[in-house]
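Only one structure is covered here, and it is reproduced in the block below.
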Amino acid sequence: MPVQKIAYDEYIIKAFLDTNVLLECKPLSDLPWEEVHADGPIIALVTPTAMKEIDSKKKDGRIGKRAREFNRLIGPVAKGGSPVIIRDSNPRVELALSRCSHIPWSSFVELDQSDGDSCIVAEILCAKDMTSAGKILLSHDIKPIALSVGYEIDVLHVSDDWLRPTEPSPHQKENQKL
């Protein structure tokens, strides 16, 4: 099946999700998307590097279940399908995978191609089929936010209200049993 062509101009906001938003925050449908834009529509995008990071966590004892759940959610899009509707209104939010053009690393001297945060920022800068208007990075981490600001990408530093309640680690759970 060919890749679904997305009309990015139809979305007011193109929200690129840092991996921590996908794995550490509440389910996408429960997030306060109105903090991103009150009316929308919003397309939430996952870069190739974020997807790679999620895939690497599928067997993680603490967040593996979330990584696998996300893979099931994004699966139809990965197979070439239309964006997945996360929220129908107030604002409308759809989820898709982003694609990027070849990254000219020599043009991005502050970015390190061996660093995941740098790669996500570079992938936002080189996202295919869209202009820079409406691009925003959503993250709870400071490093990708600082890198994005350096390249004039809008950011939303999501608050702790976006996070899931903390869970004990597998080691802490074992200690509790004992």
Under the 7 Å Cα-to-Cβ spin-label approximation, Val149 and Thr131 lie apart by a distance in nanometres of 2.6 nm
Of every hundred units of 1.4 Å-probe accessible area on the chain, the number belonging to carbon and sulfur atoms, as a percent, is 51 percent
Per residue solvent-accessible surface (Å²) - the chain, probe of 1.4 Å:
54 Å²
With a 32 Å threshold on alpha-carbon distance, the violating pairs from Lys52/Lys135; Lys14/Lys173; Lys79/Lys177 are Lys14/Lys173; Lys79/Lys177
Cut-off 9 Å between beta-carbons: net charge of the residues surrounding Pro48, Lys and Arg +1, Asp and Glu -1:
+1
Highest first, please rank the peptides 107-114, 89-96 by the mean number of other Cβ atoms sitting within 10 Å of their residues.
89-96, 107-114
Would you indicate which of (i) 1, 8, 15, 18, 17, 16, 12, 8, 4, 1, 0; (ii) 1, 8, 17, 20, 21, 16, 9, 4, 2, 1, 0, 0; (iii) 1, 7, 11, 14, 15, 14, 11, 9, 8, 5, 3, 1, 0 is the value of P(r) over Cα pairs in 5 Å bins from 0, in percent derived from the coordinates of this structure?
(ii)
Please compute the Kirkwood hydrodynamic radius over the range 84-178, one decimal place, Å, based on all pairs of different Cα atoms.
16.0 Å
Rank these residues by their accessible area, most exposed first, probe 1.4 Å: Asp161, Asp55, Asp115.
Asp161, Asp55, Asp115
Taking the chain as a whole, which cysteines find no other cysteine Cβ under 4.7 angstrom from their Cβ?
Cys25, Cys119
Taking the Cα centre of the chain as origin, sum charge times position over the Cβ atoms of Lys and Arg (+1) and Asp and Glu (-1), and report the length of that vector in debye to the nearest 20.
940 debye
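The values are calculated or read from the model by the stated rules, or taken from the named source; none is laboratory data. Computed from a prediction, not measured in an experiment: that's the story for all the values here. Note that we place each Cβ from the backbone using ideal geometry, even for glycine, and neighbour counts take in every protein chain shown. The accessibility values were calculated without ligands, DNA or RNA, using every heavy atom of the protein model including side chains. Shrake-Rupley method; radii C 1.70, N 1.55, O 1.52, S 1.80 Å.
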